[in-house]
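The values are calculated or read from the model by the stated rules, or taken from the named source; none is laboratory data. Predicted model only: the values in this text are computed from it and were never measured. Neighbour counts are summed over all protein chains in view; Cβ atoms, including those assigned to glycine, are modelled from backbone coordinates with ideal geometry. Areas reflect the complete protein model, heavy atoms only, side chains present, ligands, DNA and RNA absent. Shrake-Rupley method; radii C 1.70, N 1.55, O 1.52, S 1.80 Å.
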Amino acid sequence: MGKKIFGGEVSELNDKKDNSEVTPMSIKLLFDNEKFELMKVLCLLNALKVGKKGQRKVKELLFYYSLEAYNLDIYLNNFVKDFNKSHIPSPNQYFRFQEKIKKIILLLSHYNFILVKSDMATKLEDLNLVLTESGEDFFEENRTLYINELYENYLELINQYKFNSQNLNKIKTGAFMSDDTQ
Amino acid sequence: MILNKLILQGTLYRRTIEFNNDLTIISGETTSGKSLVLRLIDYCLGKSGKIDFNVQTELGDKCDQIFLEIKIKDEIITFNRFLKEKQNKIRVYFCEYNQIDKYTPKIVELREAMKILMNKLEINEYQLIRKKRNSSNKQIETVSFRDIFRFVYINQHELGTHDFLSKKDVFKARKNAHAFKMIFNLTNENGEAAKRRIVDIQNEILEKKKEIYGLQSYLTDLGITDYVVNNLKIDKKYKEIQDLNSQKKEILERTTEKTNSNHENKMYIKLKDDLTGITNDVFEIKNQIKSLMLSIESKKFLIEDYKAELLEVEETIELNYKLTIPEQGVECPLCASKVSSTFQEDDSAETVLTKIKKQLLNKIKLVESLIDKENKLIVHHNDELSVLLEKQSILSEAIHQYSQKTDVPYLSQINSINVQINKLIKTQEELKEGLKLYNKIEEKRKLILDLELEEKRLNDEITDSKSRESEEIKIFEYINKEYKAFMKRLKYEVDSTTYIHNTEMVPYYNGSSVYSHDSGGLLECMQIAFLAAILKSKKSGFAVGHPGILMLDSISKYVGTLQNEDQSENKIKDPEVYEEFYKILSELSKDNQIILVENTPLEIYSDLYTKYTFLKGARGLIDDSANEISLDQ
């Protein structure tokens, strides 16, 4: 099959070695597990559907996905007392995921799990997505224990944090309130 | 001048050798240190060069410095010179040896010290101007006390040889005649040099006066104005310190009577030591347990991470079946263009994923087993810990019981006495400082007087050159007469060829000088007769420049000393000569100080005058049993 691209450059070594990977798969999976992420997005879409049926902006997806995956909820909390400074999650991950979601949307559309209801002029974040029946079905069929837990997590987050530009900003900038500015 | 005593001192050793005012004989075996006594006197009086401690090993081991107490006219001075360091300086204390802690010494170079001696003896140093070898430049040589001292101390390698008066050392030998003149005050000092010297003296006197002024104002600043009162205070403090010391002693004696002795104290000490050991071990183990627990905690976190990863991998394996990514690519829903495949698809995905899963499981197992091991180790440590803690409490109890029984001696009392003693010692030191200052001022005053005397002498010399010639004739008449008389006593035929040369200033016999004859016995007799003549002339007022001391090492060398009982008429006269030496020396010692070092001195004189007999080895000059510093001081 085609060349594997890693890090943006195709190295000669890769050519010679007949498609062998530079990184071991186990580590690659930590950063770039497409199928897994796809499933997660599908799960999120299903969770979002609970509250409100209809279209969802990609923005919203990004928001909740990042909250869950990268523990960025810290920035939305008012208290930062018990905070271990060495474990601050970086808002950069939000932006990284922004890139990945393009692929995921393409795949989801290919499998007919979603419908993309926008035209070419709209920006990525403003694209409207609708969950299809087959998307729902696929989700239900493969609702493992793990996925179920994830689903519950998402529901909680959706309840806890409202999706608005203020919150979104907080995540993006990574600024959080400390005790005294409370 | 009279030598009172020679003190050899080291940190743990001190020995004092005292000298009689008349004749002192030091006898003893070879290598016992007899000659060393004379050499040390020479060293202390400014001999250049160091003492070789490879040869004088006992001296080097035990001693660091030498003191020589001298009496000059009415003044007592102590010279001090270090043996191993700062050997080019002499420290002059203008006091007796036992008083030196009340004085600050004058630390001077060797030459300066010689000058001080000359001044005290009231003779002026003499400067020779001579041409430098192989050039037309001139240089100044000083004839000093060291040159005169060659007539005072004759060591065993010079007596009876051609090296008499260090003849073999050209630089020294050429000053001998001048030294002889200086002894008899026959030098014709260059008037110019004398005048220059006078100016120097006057400047020095002014300097000293300024220094005295400075010291006095310092004294008043310290608040010590009255010498006598100061002294009394010092003595009083000394007595107070003595009292306190005896009090302390008494208390200590009281307590050691009560408590039974070393035995119990040892046990107490052992208990305490054990207890400290155990406490340390406990601390160690607790630390180890802490670090183990920390390690376990972090491993637990690691396992959690692994488990989360595991879940994801399992999910991925599941999804791997369910979702397949198309090879040809995907169509964009908006613009319907084909997106080339940059998707992950791997035929071996499944196997890889399972492999990964296995690896993770292994990792988790590994970490869990490590945690297990560490837990076991913690348990083990905890057991150890409890044993130690038990021991600790037992020991603590034991010590507690023990200390309740023993009397801890009146510690607080002794402590307070110690504090008082320290305070007193401090005040005493301060008062002593004042005393030293005072003595320094006195010393400088005396020095001024000496300088003034020297000035007068120089002035006299300048005005006084004519009468010198007649003096010279008288002197030579006298010493020739005495020299001949002594030679006769020593069994030599005396005639006009026996004399003291009036320019070479050395003795002659049979028309040949003391540096020409060969017989050791003859040389020795000539030399002793010569020196004796000079000494004797002191009584008649000549030889003022001679200190009035004679130090001789081994006069028996060239003279047969054993009396052979059944001798006929032509018996060997040597033993009689030997006896005559002693007679002469003891006569001279009535008015001069004579120190004689001899292996086996003549019996009669030995009984009278032998002050020290040194034996080989441990009973020689460096004798531990004669050490004046006892260990419990």
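Of all the criteria given as (1) farther than 27 Å from residue B:69 by Cα; (2) touching a strand residue (DSSP E or B) at 6+ places or on another chain (Cβ under 9 Å); (3) in a loop (DSSP other than H, G, I, E, B); (4) modelled with pLDDT of 85 or more, the one not satisfied by residue B:187 is (4).
Going by what's in this entry, would residue A:148 be described as assigned to a helix (DSSP H, G or I), open to solvent by less than 60 Å² (accessible area, probe 1.4 Å) and modelled with pLDDT of 90 or more? So residue A:148 passes the test. The single condition among (1) under 26 Å from residue B:544 (Cα atoms); (2) β-branched (Val, Ile, Thr); (3) outside any helix (DSSP H, G or I) that residue B:584 does not meet is (3). Across segment A:121-131, a minimum of one residue is classified as closer than 18 Å to residue A:42 by Cβ, modelled with pLDDT of 85 or more, surrounded by 17 or more Cβ atoms within 10 Å (Cβ to Cβ) and within 12 Å of another protein chain (Cβ to nearest Cβ). Those strands (runs of 3 or more DSSP E) of segment B:1-56 in which 3 or more residues are in contact with a helix residue (DSSP H, G or I) (Cβ under 7 Å, 6 or more places away or on another chain) and touching a residue at least 60 places away in the same chain (Cβ under 8 Å) occupy B:2-9, B:23-28. No other residue among B:83, B:128, B:110 is more than 21 Å from residue B:16 (Cα to Cα) and open to solvent by less than 20 Å² (accessible area, probe 1.4 Å) apart from B:128. Here residue B:140 qualifies as outside any helix (DSSP H, G or I) and modelled with pLDDT under 90.
Listed conditions (1) within 30 Å of residue B:364 (Cα to Cα); (2) touching a helix residue (DSSP H, G or I) at 6+ places or on another chain (Cβ under 6 Å); (3) at pLDDT below 90 are all met by residue B:308, apart from (2).
Scanning segment A:132-145 for residues that are surrounded by 15 or more Cβ atoms within 10 Å (Cβ to Cβ), more than 9 Å from chain B (Cβ to nearest Cβ) and not in a helix (DSSP H, G or I) yields one hit, A:132.
Among the residues of segment B:12-25, is any at pLDDT 90 or above, within 26 Å of residue B:123 (Cβ to Cβ) and among the aliphatic types (A, V, I, L, M)? Checking segment B:12-25: at least one residue is at pLDDT 90 or above, within 26 Å of residue B:123 (Cβ to Cβ) and among the aliphatic types (A, V, I, L, M). Looking across segment B:190-226 at every residue that is in contact with an Asp or Glu (Cβ under 9 Å, 6 or more places away or on another chain) and closer than 30 Å to residue B:427 by Cβ, the one that is modelled with the lowest pLDDT is identified as B:224. The residues in segment B:113-124 that are open to solvent by 40 Å² or more (accessible area, probe 1.4 Å) and outside any helix (DSSP H, G or I) can be counted, and the count is 1.
Per-residue answers, yes or no, for (1) surrounded by fewer than 16 Cβ atoms within 10 Å (Cβ to Cβ); (2) farther than 24 Å from residue B:587 by Cβ:
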position: B:19; (1), (2): no, no
position: B:29; (1), (2): no, yes
position: B:44; (1), (2): no, yes
position: B:61; (1), (2): yes, yes
position: B:67; (1), (2): no, yes
position: B:76; (1), (2): no, yes
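Going by the conditions given, is residue A:59 at pLDDT 85 or above, in a helix (DSSP H, G or I), open to solvent by 40 Å² or more (accessible area, probe 1.4 Å) and within 30 Å of residue B:355 (Cα to Cα)? Judged against the criteria, residue A:59 is not a match. Determine whether residue B:323 is at pLDDT 75 or above and more than 7 Å from every other protein chain (Cβ to nearest Cβ). Spelling it out, it is not the case that residue B:323 is at pLDDT 75 or above and more than 7 Å from every other protein chain (Cβ to nearest Cβ). Can we say residue A:114 is of a type outside the set (Phe, Trp, Tyr), under 16 Å from residue A:48 (Cβ atoms), facing chain B (nearest Cβ under 9 Å) and open to solvent by less than 60 Å² (accessible area, probe 1.4 Å)? Spelling it out, residue A:114 is indeed of a type outside the set (Phe, Trp, Tyr), under 16 Å from residue A:48 (Cβ atoms), facing chain B (nearest Cβ under 9 Å) and open to solvent by less than 60 Å² (accessible area, probe 1.4 Å). When the residues of segment B:275-326 are filtered to those that are of a type in the set (Asp, Glu) and over 60 Å from the mean Cα position of the chain (by Cα), the one that is least open to solvent (accessible area, probe 1.4 Å) is B:315.
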